[in-house]
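Q: Before I ask anything, let me first share the structure, which is written out below as structure tokens.
The values are calculated or read from the model by the stated rules, or taken from the named source; none is laboratory data. Because the structure is a prediction, the values reported are computed rather than measured. Every residue, glycine among them, receives a Cβ derived from its backbone with ideal geometry; neighbour counts consider all protein chains shown.
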Amino acid sequence: MKTILLCVLLYAYTTCNSQSLPFKPNMIDSNGLKHGEWIYYYDNDWNTLNDSINVSFYRLTNYKDSKPIGKVTDYYSDGGIQMQADSMIQENPDTYHGNLFFYSKLGRIHSVEFYNNGVMDTIKTIQIFESLIEKYQKEIPTDLDLAQTANDLAYLYRVQGNYGLAEKYYEIAKNIRENRLGKSNLLYAHSCAKLGWVYLKQSRHLDAESLFLNSLRIYENQLGKSSDRYRDVRDHLITIYKETNQDIKLKDLQY
């Protein structure tokens with residue numbers, strides 16, 4: 001009875017004093033095996049924390065004999081869902097089976113992954129993505145969550161070398177971010193850089209150059225010339241100017 005009361009008091013204290021974060025005793029049996037629901041705290045870079053101070057995310061996982069059972073859910077510090085997985089096969093490294101859904105701060109799914117015994121099924125993942133985007137284009141056609149979802153699907157097509165479909169979805173993301181955030185926003189710059197890279201792979205040098213110059217301007221103003229993003233875009237422009245024999249423009253970028 002005293003143990004139960006102590007847990008209740010600790011739960012009440014923690015939830016009232018640590019950004020309303022939940023508290024769990026994280027039970028281990030006499031054999032050193034995990035049981036019941038556990039909570040893990042993380043900082044903004046997903047480094048594990050030993051307490052609930054400065055928490056950006058937390059995870060709830062159920063165990064039986066130290067094996068995860070059921071769904072695994074990550075939360076933002078305010079209690080909103082950040083990720084939910086159907087099941088976890090093992091930890092360290094995390095290995096999943098079934099759907100992983102990633103949520104925006106507004107509570108909408110913005111990205112998906114589908115795993116078959118720890119191996120991502122790209123075809124199934126793309127099918128889920130496309131259904132989600134079709135739904136969002138009807139319900140929230142100008143929303144930033146749609147832009148993020150389109151961006152993530154474009155990346156899958158990009159790594160497959162399907163630059164035509166990568167272009168289609170990067171274009172959706174860029175247009176929404178331009179209209180909602182303006183031409184000085186970093187997310188808009190990221191979209192320009194990603195779409196520019198796809199154009200570069202298609203040898204569409206003029207289209208790529210225009211987008212890279214947009215990104216370069218924003219990165220220089222907001223991140224500085226020493227930032228990795230600025231340097232990456234600058235290197236892409238150098239590639240364009242070398243391939244198109246534009247020595248004057250090339251000289252302006254070299255320093």
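Q: Among the residues of region 136-155, are any hydrophobic (A, V, I, L, M, F, W, C), surrounded by fewer than 21 Cβ atoms within 10 Å (Cβ to Cβ) and more than 28 Å from GLN90 (Cβ to Cβ)?
A: Yes, there is a match, as at least one residue in region 136-155 is hydrophobic (A, V, I, L, M, F, W, C), surrounded by fewer than 21 Cβ atoms within 10 Å (Cβ to Cβ) and more than 28 Å from GLN90 (Cβ to Cβ).
Q: Now, a different point. Would you call LEU156 at negative phi, in contact (Cβ under 8 Å) with a residue 24 or more places away in the chain and among the hydrophobic types (A, V, I, L, M, F, W, C)?
A: So LEU156 fits the description; yes.
Q: To continue, here is another question. Select from region 63-99 the residues that are among the polar types (S, T, N, Q) and modelled with pLDDT of 95 or more and write down the one among them that is nearest to PHE23 (Cα to Cα).
A: Restricting to residues being among the polar types (S, T, N, Q) and modelled with pLDDT of 95 or more, the top hit is THR73.
Q: For region 113-125, check the following and say yes or no: at least one residue is surrounded by fewer than 21 Cβ atoms within 10 Å (Cβ to Cβ), among the charged types (D, E, K, R) and either modelled with pLDDT under 95 or touching a strand residue (DSSP E or B) at 6+ places or on another chain (Cβ under 6 Å) (or both).
A: Within region 113-125 (the criterion being surrounded by fewer than 21 Cβ atoms within 10 Å (Cβ to Cβ), among the charged types (D, E, K, R) and either modelled with pLDDT under 95 or touching a strand residue (DSSP E or B) at 6+ places or on another chain (Cβ under 6 Å) (or both)), the answer is yes, since at least one residue qualifies.
Q: Collect the residues in region 152-171 that are assigned to a helix (DSSP H, G or I) and more than 18 Å from VAL112 (Cα to Cα), keeping them in residue-number order.
A: TYR163, GLY164, GLU167, LYS168, GLU171
Q: Turning to a different aspect of this structure: For residues that are crowded, with 20+ Cβ neighbours inside 10 Å and touching a Phe, Trp or Tyr at 6+ places or on another chain (Cβ under 6 Å), scanning just region 208-229, find the one that is nearest to ARG177 (Cα to Cα).
A: TYR219
Q: Then there is this: Could you identify the single residue in SER111, SER131 that is within 27 Å of LEU181 (Cα to Cα) and in contact with a helix residue (DSSP H, G or I) (Cβ under 6 Å, 6 or more places away or on another chain)?
A: That would be SER111, the only listed residue that is within 27 Å of LEU181 (Cα to Cα) and in contact with a helix residue (DSSP H, G or I) (Cβ under 6 Å, 6 or more places away or on another chain).
Q: Of all residues in region 230-255, count the ones that are assigned to a loop (DSSP other than H, G, I, E, B) and surrounded by 15 or more Cβ atoms within 10 Å (Cβ to Cβ).
A: Within region 230-255, residues that are assigned to a loop (DSSP other than H, G, I, E, B) and surrounded by 15 or more Cβ atoms within 10 Å (Cβ to Cβ) number 1.
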